[in-house]
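Undergrad: First, the structure itself, so that you have it in front of you.
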Amino acid sequence: MTFKPDPQTFASSIKEVSFGPEGAAVTFGGSNVLPFYAFDAPIAHKPLVGIEISDKGPDRELPALAAFYDGANTLSEIAARACTAPGADFLSLKLEGADPNGDNMPSDEAAALAKEVADASVLPLLVQGVDNVDKDAELLPKVAEALQGKNAILMSAKEENYKGIAVAAVTAYGQKIGAESAVDINLAKQLNVLIAQMGIQQGNYVMHLGNSAAGYGFEYLASTIERVKIAALSQNDDALQPPAVTPVAGDAWSVKESLVSEADFPEWGPREQRGIEMEISTAAACLASGSDAVILRHPSSVETIAKLIAELV
Amino acid sequence: MDKFIIIGERIHCISPVIKEALANRDEAPILERAKAQLDSGATYLDLNIGPAERDGEELMQWGVKLLQENFDNVPLALDTANQKAIVAGIEVYNRSKGKPIINSADAGDRLDNIRLAAENDAIVIALCSKQGVPRDNEERMQYCQEMLEYGMGLGLDESDMWFDPLTLVIKGMQEKQVEFLEFIRQLSDMGLMSVAGLSNASNGMPKEVRPTVDSVLTAMAIECGLSAAILNPNDKHLMDVVKTAEVILNRTLYADSYLEL
């Protein structure tokens, strides 16, 4: 008996989002099949891989990471170097120094740093929030203003602060935003509804559905991403159709496996390799669940995940 | 289970405003009602031009073009006893948003409308009755089978026949309501599409009672598997009930603003 394929395609699709300045923009989303189901229908755009840098610079205690960023000392140099990582589709900036629980750098200064990074980067830019709704509400509009013409994605528009961020970033300065909810499928939809009700059109926002490292309550995140994707496609729910961006690096490098020293746990091997493996396993699972983009810190993780995507799409 | 399909009933020649607008080819009142219904969640619009024996063909074409050109090729149910008018309407109908629905056929005098659907690649609403009210569900099923066989014999896909169990007025036929719901369940179990004009059930009741009756019956019918209904999408209470039923049946994801969508 011959095999007769029965493709499972959907009448609806994930919305496309393009970001980055003219001539250097990338587009993602657009697919009408489940993640990597390229046998059902061609995948419109492959999932993207972002490389994350921080205004505090790379962790130079990790030998391979230090070697990659060797000679790159200013933030501009670090940004330019990150863009050379094989497989990186976009640059992701974490403005750690602006965190009110840390150095609490003024928003104007942080926005100026974002501008420096954007100017030094040949890749489209995404800026992450500082995980503080009040600071993000102040910081992200300033970043939006500083990045005029860069068509960047500004993450972390949450239920508490989305209005100001949406107005400043999208309406006033033509940037894109990320609607962030914390592993809550109903809130994810609600936030998109609220953003749409402000007159922000599809194509101008992505979803950030939460983050977690593999092994750390990760199944909640994976099932949330998966359920969002299935409802977006099978129920043609346009309030769930923006592409999903999942920042993986922060969690992957904050868990015990990536932090404890080799001296304390010799049987676990080198710390850097463990961190890379946490990033890779988490990112691969996010992509399989339906993330349209992941953000990683280590160039080795970026390269591996980019290769995985290239093989599957 | 697919989402519940709403066919907006408000462009109907029984309404004096619409009757006059149709007669005078007055666009404004028709467009106004069309917009109101689409804004409130109608997927299809019913275009009832009455018997239209004199100028039905020209009138239907005018109505189809008016609605589709103004509302992004909105899919329509062409509702008239005049077969020529239906064919004329289909001639100018744009299918990009869905096939036309012929409203309606039955197992008796109007059986021929099933042939019309088959010949024109249309959907047909098939009333499970022949003469008057079916006695019981056995009779309903017999008509359903007759029409199904007839349609499929003509090459009509079974998913293009939407069976109407015939809604019965509660005041006077209260004892028939459970059977009505059971028949919807039978159609659903057979994998057939079903459609009903549910507001008939509250005919003759006081105005203040009707919305409650209509919405409760609608919720019960949806639970039984009803695929579509011809109703008034501008009845907010009724639409809220439909949306809530969809949430409870897990066909649409809950969000706090779900009633605004």
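Undergrad: Whenever you get a sec, line up B:176, B:207 from highest to lowest accessible area (probe 1.4 Å, protein heavy atoms).
TA: Largest to smallest exposure gives the sequence B:207, B:176.
Undergrad: Of all accessible surface on segment B:166-261 at a 1.4 Å probe, what whole percent is carbon and sulfur?
TA: 58 percent
Undergrad: A further question follows. Under the 0.36 nm per residue contour assumption, what length would be gained going from the current alpha-carbon distance of residue B:26 and residue B:248 to full extension?
TA: Fully extending the segment from residue B:26 to residue B:248 adds 75.7 nm.
Undergrad: May I ask you to rank B:95, B:25, B:251 by accessible area, largest first, using a 1.4 Å probe over the protein chains only? Mind dumping the intermediate values first?
TA: Values: B:95 90, B:25 60, B:251 20 Å².
If we order B:95, B:25, B:251 from most to least accessible, we get B:95, B:25, B:251.
Undergrad: What number, in percent, do you get for the relative contact order of chain A if the mean sequence gap of Cα pairs under 8 Å and at least 6 apart is divided by its residue count?
TA: Relative contact order, chain A: 21 percent.
Undergrad: Let me ask you something else. Could you work out how far apart the two model spin labels at residue A:261 and residue B:15 are, taking each label as a point 7 Å from the Cα in the direction of the beta carbon, and quote it in nm?
TA: A separation of 7.9 nm, rounded to one decimal place.
Undergrad: At the nearest 100 Å², what buried accessible area, both sides summed, do you get for A and B when the probe is 1.4 Å?
TA: Counting protein atoms only, the buried area is about 900 Å².
Undergrad: Let me check I've understood the local charge: for residue B:119, count other residues with C-beta under 14 angstrom from its C-beta, Lys and Arg +1, Asp and Glu -1. What total comes out?
TA: It works out to a net charge of -2.
Undergrad: Based on the Cβ-Cβ distance from residue B:95 to residue B:157, what FRET efficiency comes out when R0 is 22 Å, to the nearest 0.05? Present the calculation step by step, with values, prior to reporting the outcome.
TA: Details: r = 15 Å, r/R0 = 0.66.
Working from the Cβ atoms, E equals 0.90.
Undergrad: Counting each DSSP H run of 4 or more residues in chain B as -39500 (n - 2.57), what helix-only mean residue ellipticity at 222 nm follows after dividing by all residues, to the nearest 500 deg cm²/dmol?
TA: It lands at -13500 deg cm²/dmol.
Undergrad: Where Lys and Arg each count +1 and Asp and Glu each count -1, what net charge lies around residue A:131 among other residues with Cβ under 13 Å from its Cβ?
TA: Net charge around residue A:131: -4.
Undergrad: Work out, step by step, the length gained on full extension between residue B:135 and residue B:209: first 0.36 nm times the residue separation, then minus their alpha carbon distance; give nm to one decimal.
TA: Value of the extension gain: 23.9 nm.
Undergrad: Moving on. Round to a whole angstrom and tell me the spacing of the C-alpha centers of segment B:62-136 and segment A:1-73.
TA: Rounded to whole Å, the Cα centres lie 47 Å apart.
Undergrad: Taking the simple approach of a point 7 Å from Cα along Cα-to-Cβ for both residue A:119 and residue A:101, what is their distance in nm?
TA: Distance between the two pseudo-spin positions: 3.3 nm.
Undergrad: Can you give the net charge of the other residues whose Cβ lies under 14 Å from the Cβ of residue A:300, counting K and R as +1 and D and E as -1?
TA: Result for the local shell: -2.
Undergrad: Provide A:68, B:183, A:39, A:3 ordered by accessible surface of protein heavy atoms (probe 1.4 Å), highest first.
TA: Largest accessible area first, the list is A:3, A:39, A:68, B:183.
Undergrad: Still on this model: For chain A, what is the mean residue ellipticity at 222 nm derived from helices alone (per DSSP H run of n ≥ 4: -39500 (n - 2.57); sum divided by total residues; nearest 500 deg cm²/dmol)?
TA: Only helices count here, giving -11500 deg cm²/dmol.
Undergrad: Could you tell me the calculated FRET efficiency between residue A:11 and residue B:70, based on Cβ-Cβ distance and R0 = 22 angstrom, to the nearest 0.05? Walk me through the intermediate numbers first.
TA: On the way: r = 24 Å, r/R0 = 1.09.
Rounded to the nearest 0.05, the efficiency is 0.35.
Undergrad: For segment A:118-272, which whole-number percentage of the solvent-accessible area (1.4 Å probe, protein heavy atoms only) is attributable to carbon and sulfur atoms? Don't skip to the end; give the middle numbers.
TA: Numbers: 2790 of 5760 Å².
Looking at segment A:118-272 in its full context, I get 49 percent from C and S.
Undergrad: I would also like to ask the following. Shape verdict for chain B, please, from the Cα gyration tensor: rounded (a/c under 1.5), prolate (a/b greater than b/c) or oblate.
TA: Cα axes put chain B in the rounded bin.
Undergrad: Which whole number gives the average count of other chain Cβ atoms within 10 Å of the Cβ atoms across peptide B:244-256?
TA: Mean shielding count: 4.
Undergrad: Spin-label point model (7 Å from Cα, Cβ direction): what's the residue A:307 to residue A:76 distance in nm?
TA: In this crude label model, residue A:307 to residue A:76 measures out at 3.4 nm.
Undergrad: Please report the antiparallel percentage of DSSP beta bridges with both residues in the protein assembly as shown, rounded to the nearest 5.
TA: On the way: 3 of 57 bridges.
Taking every DSSP beta bridge within the protein assembly as shown, about 5 percent pair in antiparallel fashion.
Undergrad: If ligands, DNA and RNA are left out, what is the accessible area of residue A:61 with a 1.4 Å probe, given in Å² to the nearest 10?
TA: Residue A:61 has an accessible surface of roughly 150 Å² with all protein chains in place.
Undergrad: Most mobile of A:175, A:128, A:190 per a Gaussian network model of chain A (Cα springs, under 10 Å)?
TA: Its mean-square fluctuation being the largest, the pick is A:190.
Undergrad: With +1 assigned to the C-beta of every Lys and Arg and -1 to the C-beta of every Asp and Glu, and no other charges, what is the dipole magnitude of chain B about the Cα centre in debye, to the nearest 20?
TA: Its charge dipole is roughly 400 debye.
Undergrad: I would also like to ask the following. Per residue, how much accessible surface does the protein assembly as shown expose to a 1.4 Å probe? Answer in Å², no decimals.
TA: 43 Å²
Undergrad: Carbon and sulfur: what percent of segment B:1-126's accessible surface (1.4 Å probe)?
TA: In segment B:1-126, the share of accessible area belonging to carbon and sulfur is 47 percent.
The values are calculated or read from the model by the stated rules, or taken from the named source; none is laboratory data. Note that the structure is a prediction, hence the values are computed from the model and not measured. Cβ: placed from backbone, ideal geometry, glycine included. Neighbour counts: every protein chain shown. Surface areas here come from the heavy atoms of the whole protein model, side chains and all, with no ligands, DNA or RNA. Shrake-Rupley method; radii C 1.70, N 1.55, O 1.52, S 1.80 Å.
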